[in-house]
Amino acid sequence: MTNKILAIALGFILIFGGIFYFFQDSISISYGAVCSIILGCAFIVIYFKNSRRWPILPGIYLLYMGIAVAFFSDTDIFNYIITSVFFLAPGTIFVVLYYTTDNRRPLLTLGLILLSLGVCVLLSGLFDFYYVNIFLLCIGIGFVLNYILGKDYANRLTLIVGIILILLSLRKFLNITGYAEAIISTILVILGFTVIVKALLDK
């Protein structure tokens, strides 16, 4: 099965290579980038078709790098995109391993943190966040998603950490309204009481 998939992938590479070579004067997409995308997809298919775990590593990296070079190499944010790949790729790998293996929670947590960092790098290249700390916001959202996707709703630590980080990221924005300190303090006090009451009620 593995040899057949690789043979099919090689066939598609040769077909696309012939097409791009014929239209090379009018098509600016890199042939190497197209090969990277196809090989990446082939490795990912191998991962899901077989019990071996190693193909997911080159598969995700080749796919991300191929897409970045093929479609964004001429853009102003290309350097940001390449940098984000080094967070998005391992983050995706950890999340895929979490859902396809034994659902070990650290895999999901680490994966979402890395994905959050990758998104942070991308957004930093696209927008100028003056009133929002985009780093804390992305990490905070990552922790909230970790709580939701992890389905361990009894353990609210990640949710609380996520909410606190989101609030801290919006501190400068909330200062515009003049109630930043009051809003953040009130929410933190409520969260603190919630944690204490939960701890006292647990047997």
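The values are calculated or read from the model by the stated rules, or taken from the named source; none is laboratory data. Quick caveat: nothing in here was measured; it's all calculated off a predicted structure. Heads up, the Cβs are rebuilt from the backbone with ideal geometry, glycines too, and the neighbour counts pull from every protein chain shown. Surface accessibility is based on the protein's heavy atoms, side chains included, excluding ligands, DNA and RNA. Shrake-Rupley method; radii C 1.70, N 1.55, O 1.52, S 1.80 Å.
What to note about this one:
- Shape of segment 24-139, Cα gyration tensor, a/c cut at 1.5: oblate
- Among the trypsin sites (Lys or Arg not before Pro) within segment 45-107, those in coil by DSSP and having at most 16 neighbouring Cβ atoms inside 10 Å are R52, R53, R104.
- Surface composition of segment 24-95: carbon and sulfur atoms hold 64% of the protein heavy-atom accessible area at a 1.4 Å probe.
- Segment 88-144 and segment 46-70: distance between their alpha carbon centers, rounded to Å: 19 Å
- Alpha-carbon Debye profile of segment 66-125, log10 I(q)/I(0) at 0.25 Å⁻¹: -0.89
- The residue list V95, A70, V119 was ranked by how far each Cα lies along the charge dipole of segment 47-119 toward its positive end, using unit charges on Cβ atoms, and V95 comes out on top.
- Overall form of segment 91-162 per C-alpha gyration tensor (a/c, 1.5; a/b vs b/c): oblate
- Local electrostatic count at Y98 - Lys and Arg +1, Asp and Glu -1, tallied over other residues with Cβ under 10 Å: +1
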